[in-house]
Each structure stands twice: as C-alpha cells, then as structure tokens.
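Peer 1: Encoded as structure tokens, here's the structure I'll be asking about.
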Amino acid sequence: MTFLVLEDLTKRFGELRASLLGISPKTLTERLRILEQEGIVERRIYPEVPPRVEYSLTKRGQALKPIIEGMREWGAHWG
C-alpha cells in the first residue's frame with residue numbers, strides 16, 4: 001500500500017511511516033526498495049546533515065494509478 005500513500009506527492013520516510021499505521025521501519029524500507037527496483041518509486045537523497053531522503057512516484061508509478069483506483073472502487077463495491 002506504500003504506492004497509494006505517495007499518490008502525486010513527494011514524502012519523506014517518516015511521513016510515509018506515519019501514514020501507514022502498524023508498519024515497521026524494516027518492512028517499509030524493504031517495500032520501498034522493491035518499488036524503487038521496479039521503477040515505480042524514485043528515491044532522492046539530499047546531501048544534508050542529517051541526510052534527507054524523499055520518495056515520489058515515477059512516470060511508471062503514476063501510470064498505475066487508474067488500475068489502483070479501479071481496484072479501490074471494486075473493493076468499495078464488493079468489499
């Protein structure tokens with residue numbers, strides 16, 4: 001569900017974690033890495049102290065939005 005939380009926004013790790021109740025930092029990190037490897041999420045690191053890392057959807061990730069929205073509608077109707 002990490003994908004859904006990003007939508008059109010760029011978010012920091014802490015913001016993502018806060019919006020996904022109950023997810024451990026390890027699990028979130030693993031899922032973000034998988035989404036990054038698949039080209040769905042972009043990870044941007046800023047050379048600051050402490051380092052700032054932001055996540056956003058790539059064009060490929062944004063192309064999945066109609067599919068995810070369709071699944072959301074299906075779940076609302078049939079769930």
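Peer 1: Pairs under 9 Å by beta carbon, first residue of a type in the set (Lys, Arg) in the range 29-42, partner modelled with pLDDT of 95 or more and open to solvent by 100 Å² or more (accessible area, probe 1.4 Å), six or more apart or different chains?
Peer 2: Filtered contacts from the range 29-42: 33/43.
Peer 1: Among what's in the range 26-40 and is part of a helix (DSSP H, G or I) and of a type in the set (D, E, K, R), pick the residue that is surrounded by the fewest Cβ atoms within 10 Å (Cβ to Cβ).
Peer 2: 26
Peer 1: Take residue 6 and tell me if it is aliphatic (A, V, I, L, M) and modelled with pLDDT under 90.
Peer 2: yes
Peer 1: Residues of the range 9-25 being outside any strand (DSSP E or B) and within 19 Å of residue 59 (Cβ to Cβ), which ones?
Peer 2: 9, 10
Peer 1: Looking only at the range 41-79, which residues are assigned to a loop (DSSP other than H, G, I, E, B) and over 13 Å from residue 10 (Cα atoms)?
Peer 2: 47, 48, 49, 50, 51, 64, 79
The values are calculated or read from the model by the stated rules, or taken from the named source; none is laboratory data. Every value quoted in this text rests on a predicted model; they were computed, and no experiment measured them. Positions of Cβ are generated from backbone atoms using ideal geometry, with glycine treated the same way; all protein chains shown enter the neighbour counts. We work out accessible area using only protein heavy atoms, side chains counted, and drop any ligands, DNA or RNA first. Shrake-Rupley method; radii C 1.70, N 1.55, O 1.52, S 1.80 Å.
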